Amino acid sequence: MSAAPTVSVIMATYNGAALLPETLASLQAQTFADWELVAVDDGSRDETVAVLRGVGDPRVRVVESAVNGGPVVARNRAFAAARGRYVAGLDQDDLCLPDRFARQVAWLDAHPETVLVSTATDCLLDGRVVPGQWPRPLSPGLIDWLMLVQNPLVWSSVLFRAEAARQLDPFERPECRYVEDFDLYHRLRAFGRIDQIDTVLTRYRQHAGGASQVFNGTMKAHAEALLRARHRALLGEQAPDIAGLLVRYVMGRAPIGDRALLRRLFEGIAVLRANFGESQRDAEALAAVDRAISRLWWRLCRAGVRSGRLKLRHAVAARPAAAALGDARPADLLASGMIGAVRALRR
């Protein structure tokens, strides 16, 4: 067997023959060539395995599963077979830009206190590149805050230290299916800082068949359980019971139409923010957190008001102390109020 590579890319594949060639081509175009791909096929019924084996690249290793066990089981098998000192996440339909590995390897080499580094990500929608909807730029402090209220990182953009991940048992937890990556980030955080390179180095493909586009009951339940456990780990019985609201309105982006729920959500966020401020002494990081809270309030209010379910005056009345009214772009909020009033009349 050849010497261990620097980077092991782990991938679960299933019926991905149509999109997989473009993903593989993006790997082969990397300016940093010392990588291997460990692809575990989860019982595909199409030509996925033939595509993987036909690429003709000795860096591509294929493991075939006799039965379909789901992506968590497949990624756990891939991680167990990975030989690199760094591990990269990549789904079968996402793309790496050429400098991704070079930039991330250099970052982890230069920052021994960092356990995981992600990159900014754009979306690929019907062949068009559109800006990603994830927050950016992300400092380590802001990442720590956002992980209390949502998942700020894209799996296909992360590179992390294998030695840290090998201390986890299991690598990904099957009971966290659909949010297994989010759970993994929380568990890896115990071994070091999480950073992000604020350069778009990955492209996330959005399509109807993608798991993240199917925000189903299992995903919601597991995300809620994960956030609730995290909040209780920090605050015990004093933790605000807002995990369900965060999943529905922040992660799921449903329009909020009840001012009492809006107030409850941001009162809970204020409790988390107060606790966060006790452990985070960096004034610049705390200012970034407050800006994020302000933008979140604006986004939720705008969606609720435009839906016709939330009155403009109720949205403004529920504004938390951390939210600057200027972030709401008053003219847009007024326009949203008029749109919402028309929609309310039509219902």
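Quick one: helix 330-346 against the long Cα principal axis of the chain, what's the angle to the nearest 10°, folded into 0 to 90? That works out to roughly 80 degrees.
In the distance distribution for the stretch 10-66, Cα-Cα pairs more than 17 Å apart total 29 percent. Arg193 to Ala29: FRET efficiency via 1/(1 + (r/R0)^6), r the Cβ-Cβ distance, R0 41 Å, to the nearest 0.05? With R0 = 41 Å, the Cβ-Cβ based efficiency is 0.90.
Using the 1.4 Å probe convention, the accessible area of the stretch 230-328 works out to 50 Å² per residue with neighbouring protein chains retained.
Multiplying each eigenvalue of the alpha-carbon gyration tensor of the stretch 91-248 by 5 and taking the square root yields semi-axes of 25, 21, 14 Å, largest first, rounded to whole angstroms. Ligands, DNA and RNA excluded, the heavy atoms of Arg205 present near 30 Å² of accessible surface to a 1.4 Å solvent probe. Divide the volume of the convex hull around the Cα atoms of the stretch 33-74 by the residue count and you get 70 Å³ per residue.
If you take every residue apart from Ile242 with its C-beta less than 13 Å away from the C-beta of Ile242, what net charge results, scoring Lys and Arg +1 and Asp and Glu -1? Net local charge, Ile242 excluded: +4. All Cα-Cα separations within the stretch 267-318 were binned at 5 Å from zero, giving a P(r) of 4, 19, 23, 19, 14, 11, 7, 3, 0, each value a whole percent of the pairs. Computed from the alpha carbon atoms alone, the convex hull of the chain holds 151 Å³ per residue. Once you reduce the stretch 147-175 and the stretch 258-319 to the center of their Cα atoms, the two points are 27 Å from each other. Within the stretch 101-172, the GluC sites (Glu not before Pro) that combine a DSSP coil assignment with at most 16 other C-beta atoms in a 10 angstrom radius are Glu113. With q set to 0.13, 0.15, 0.18, 0.19 Å⁻¹, the log10 of I(q)/I(0) for the stretch 5-133, from the Debye formula over equal scatterers at the Cα positions, is -0.54, -0.72, -1.02, -1.12. Sorted from longest to shortest, the spans of the Cα atoms of the stretch 213-252 along the three principal axes equal 32, 15, 10 Å.
So what's the net charge close to Met11: Lys and Arg +1, Asp and Glu -1, counting the other residues with Cβ under 9 Å from its Cβ? Spelling it out: positives minus negatives among the neighbours equals 0. Ligands, DNA and RNA are left out, and with a 1.4 angstrom probe the accessible area of the stretch 1-149 is 41 Å² per residue. Given the stretch 171-297, report the % of alpha carbon pairs whose separation exceeds 23 Å. Distances greater than 23 Å cover 42 percent of the Cα pairs. Share of carbon and sulfur in the accessible area of the chain stands at 52%, probe radius 1.4 Å. Near the amide H of Gln196, within less than 5 Å, lie the amide hydrogens of Ser118, all on another chain or at least 5 residues away, with H placed in the peptide plane. In the chain, helical runs assigned H by DSSP with n ≥ 4 each contribute -39500 (n - 2.57); averaged across all residues and rounded to the nearest 500, the mean residue ellipticity at 222 nm is -13000 deg cm²/dmol.
The values are calculated or read from the model by the stated rules, or taken from the named source; none is laboratory data. Note that the structure is a prediction, hence the values are computed from the model and not measured. All Cβ positions, even for glycine, are placed from backbone atoms using ideal geometry, and neighbour counts span all protein chains on display. We work out accessible area using only protein heavy atoms, side chains counted, and drop any ligands, DNA or RNA first. Shrake-Rupley method; radii C 1.70, N 1.55, O 1.52, S 1.80 Å.
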